[in-house]
Amino acid sequence: MTLTRTSIFALAAFAATPLTAQQLTLYSGRGETLVAPIIQAFEQETGITVNVRYAGTSELAVLLQEEGDATPADLFWGQDPGALGAVIDQLAALPEDMLGKVPSAYRDNEGRWIATSGRQRVMVVSTERVSDDELPASILDLTDERYQGRVGWAPTNGSFQLHVTAMRHELGEEATREWLEGMIANDPVAFPNNTAIVQGVGDGEADFGLTNNYYLGRFLMSAPDFPARNTTFEDGDIGNLLSVAAIGITAASDQQEEAEQFVEFLLSPQAQQFFASQVNEYPVSHSAILRPDQPAMEALEASAPGIDLNELGDLEGTLELMREVGLL
């Protein structure tokens, strides 16, 4: 049975009356509309209050670097592992039994961050204005003049910045710079976030959009006839980056036990089902029933480039490159 937001709250309602009043401070680069229900379910089940600071993933990573050991954050939950890699020295080692709950590809080599759900970078396209013969074989083809003024992206978004980091790792600094400059010259449509990209494609502001796989699913849940579909590039293309949302516990936290409880909850069967059925992401620690419009995880892995997520921690290098080309 698929767990809905209501059913997760129902599960939490069966928990024993909390005996404690601990509090955690969570820095969340994940959007409030996506994750607030599962955070509330944790609070109801454990009696632990979670004070959340929502902001962009890269913004929070920079903040953690500035705060250092004085950070009030107990946990950092990012859209991608690259941002956690950027602050890896500020994260505590996670318990071995916890790390063993996810495949090795979905956790830090030194055990300081762990995936909470999986996703893939995709291209969302208009079903009204884009024909199959217009689909590019590679993300690199989007600099062609046939796509001028038609492609939406979100340069300030953490997932996009991880994607650029992956391109730097896979293609090299100069090739990535050339692609970014070529895209800029092709007059892309800038959006503030991935949700706006999908809405923009539906509204006709763009014909193509670089985003994560799960955003379109949220639109289709409420509007099955929404005029867009997800596509991928040819197998192995850097445009098909397979990534994860990830979380780590700060070494500065004096609430290590409670923070571990929170991470364990995110890896629990009910939370993993929530990510699959309500957020349209992929489970990483327990099997879950996927929505009918979600391709199997095996299909994503087959189409994705073989990149070690542990190698994508140079967020500052990506931000510097994006500043140099005028994107930030």
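The figures follow:
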| item | result |
| --- | --- |
| Residue match in region 170-178 (condition: over 14 Å from residue 327 (Cα atoms), of a type in the set (Lys, Arg) and not assigned by TED's automatic domain parsing to the domain that holds residue 35) | no |
| Residues of region 227-246 that turn out to be assigned to a loop (DSSP other than H, G, I, E, B) and under 30 Å from residue 176 (Cα atoms), as a count | 7 |
| Which listed residue, of 305, 269, 295, is over 30 Å from residue 89 (Cβ atoms) and in contact (Cβ under 8 Å) with a residue 12 or more places away in the chain | 269 |
| Among (1) in contact with a Gly (Cβ under 7 Å, 6 or more places away or on another chain); (2) buried (at least 22 other Cβ atoms within 10 Å of the Cβ); (3) not basic (Lys, Arg), the one test that residue 166 misses | (1) |
| Contacts under 8 angstrom Cβ, first residue in region 132-146 being assigned by TED's automatic domain parsing to the domain that holds residue 233 and without any contact (Cβ under 8 Å) to a residue 40 or more places away in the chain, partner surrounded by 13 or more Cβ atoms within 10 Å (Cβ to Cβ) and among the hydroxyl-bearing types (Ser, Thr, Tyr), 6 or more apart | 141/147 |
| Any chance residue 293 is surrounded by fewer than 20 Cβ atoms within 10 Å (Cβ to Cβ), within 21 Å of residue 162 (Cα to Cα) and not polar (S, T, N, Q) | no |
| Residue check, residue 130 modelled with pLDDT of 95 or more and touching a strand residue (DSSP E or B) at 6+ places or on another chain (Cβ under 9 Å) | yes |
| Matching helices (runs of 4 or more DSSP H) fully within region 247-328 where at least 2 residues are farther than 23 Å from residue 46 by Cβ and within 18 Å of the chain's Cα centre (by Cα) | 297-303, 315-324 |
| Check on residue 209, buried (at least 24 other Cβ atoms within 10 Å of the Cβ), touching a helix residue (DSSP H, G or I) at 6+ places or on another chain (Cβ under 8 Å) and in a helix (DSSP H, G or I) | no |
| Among the candidates 41, 93, 115, residue that is modelled with pLDDT of 95 or more and in contact with a strand residue (DSSP E or B) (Cβ under 7 Å, 6 or more places away or on another chain) | 115 |
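The values are calculated or read from the model by the stated rules, or taken from the named source; none is laboratory data. Note that the structure is a prediction, hence the values are computed from the model and not measured. In this analysis, Cβ positions are derived from the backbone assuming ideal geometry, glycine residues included, and neighbour counts consider all displayed protein chains.
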